[in-house]
Amino acid sequence: MIVDLPDLAAMDVFGARIAAKLQPGDVVALSGGLGAGKTTLARAIISALGHEGEVPSPTFTIVETYDHLRVPLVHADFYRLEHPSEAEEIGLDDYREGAALLAEWPDHAGGFSHEATCLEITLQTVGENGGEGRRAVVNAGEAWQSRKP
Ligand SMILES: Nc1ncnc2c1ncn2[C@@H]1O[C@H](COP(=O)(O)OP(=O)(O)OP(=O)(O)O)[C@@H](O)[C@H]1O
Ligand SMILES: [Mg+2]
């Protein structure tokens, strides 16, 4: 499935559609190069779940948690991991207990596409200069088949 995301408003709408279907145990794997819009979409999902205030990028902390939402969230940016085994070392499994995971650079953590609860989203820049919007290529795991966002 391909979703056109021409501007930031479209990111908010798409984020809200995902948030409405999200359940504990899910993984939203956000792929795409530097500046593709992964954090922007994660912020849209977090806001749609009712979080008010700032959503810091987890670039340096790797993991940010949002426990107070309808679905507790773990927002992770695995860019700085040097080996997938480091995901275990930072306690990812414990963070994920009872929560949904929004994962930027999921391949740096070994990838999640083998999980039935994984919604894989690859963001691509449309046009040349990064200012012309995005599109998302979406692959829904088994658990998402009946609740496509
Ligand atoms: N659909 C869109 N249309 C236009 N601009 C967008 C869109 N989505 C995101 N942007 C802009 O692209 C820039 C980069 O977005 P963002 O920080 O979310 O990227 P990222 O994929 O998280 O990058 P990084 O890999 O560096 O963490 C931001 O300035 C954001 O406003
Ligand atoms: Mg980011």
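What follows is calculated from the coordinates using simple rules that are stated; it is not laboratory data. Since the model is a prediction, treat every value here as computed from it, not as a measurement. Glycine gets a Cβ as well: all are built from the backbone with ideal geometry, and neighbour counts include every protein chain shown.
So, with +1 on the Cβ of K and R and -1 on the Cβ of D and E, and no other charges, what is the size of the charge dipole of the chain about its Cα centre, to the nearest 20 debye? Numbers along the way, then the final one.
Values: 11 positive and 23 negative charges, 133 e Å.
The calculated dipole for the chain is roughly 640 debye.
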So what are the ³J(HN,Hα) numbers for the stretch 34-46, from phi and the Karplus equation (6.51, -1.76, 1.60; θ = phi - 60°), rounded to whole Hz, Gly and Pro as x? 4, x, 6, x, 5, 5, 4, 5, 4, 4, 5, 5, 4
Across the stretch 116-126, in residue order, what do the Karplus-derived ³J(HN,Hα) couplings come to in whole Hz, using 6.51 cos²θ - 1.76 cosθ + 1.60 with θ = phi - 60° and x for Gly and Pro? 4, 8, 8, 9, 8, 10, 10, 8, 10, 7, 9
Relative contact order of the stretch 2-147: what whole-number percent is it, with Cα pairs under 8 angstrom and at least 6 residues apart? 32
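With both bridge residues required to lie in the chain, what share of the DSSP beta bridges run antiparallel, to the nearest 5%?
50
If each residue of separation counts as 0.36 nm, what is the full-extension length gain between HIS51 and VAL63 once their alpha-carbon separation is subtracted? Display every interim value, and only then the final one.
On the way: separation 12, 0.36 × 12 = 4.32 nm, distance 1.63 nm.
In short, 2.7 nm is gained.
By how many nm would the segment from GLU89 to VAL13 grow when fully extended, if each residue of separation counts as 0.36 nm and the alpha-carbon distance is taken off?
23.9 nm
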The chain, Gaussian network, Cα under 10 Å: of SER113, SER57, SER85, the residue fluctuating most is SER85
List the residues whose amide H sits under 5 Å from the amide H of VAL28, counting only those 5 or more places along or on another chain, with H placed 1.01 Å from N in the peptide plane. LEU101, LEU102, ALA103, LEU119
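Taking K and R as +1 and D and E as -1, what net charge do the other residues with C-beta under 13 Å from the C-beta of THR122 add up to?
Details: positive: LYS38, ARG134, ARG135; negative: GLU104, ASP107, GLU120.
Every neighbour counted, the sum reads 0.
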Calculate for the chain the 222 nm mean residue ellipticity that helices alone would give, adding -39,500 (n - 2.57) per DSSP H run of length 4 or more and normalising by residue count, nearest 500 deg cm²/dmol. -6500 deg cm²/dmol
Would you kindly derive the ³J(HN,Hα) couplings of the stretch 87-98 from the backbone phi angles with the Karplus curve 6.51 cos²θ - 1.76 cosθ + 1.60 (θ = phi - 60°), listing them in order in whole Hz, with x for Gly and Pro? 4, 5, 4, 7, x, 4, 4, 5, 4, 6, 3, x
Scattering from the C-alpha atoms of the chain alone, worked out with Debye: what is log10 I(q)/I(0) at q = 0.20 1/Å? -1.31
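Summing +1 for each Lys or Arg and -1 for each Asp or Glu, what net charge is found among the other residues whose Cβ lies under 13 Å from the Cβ of GLY98? Before the final figure, lay out each step's value.
Details: positive: ARG70, ARG96; negative: ASP26, ASP67, ASP93, ASP94, GLU97.
Summing Lys/Arg as +1 and Asp/Glu as -1 gives -3.
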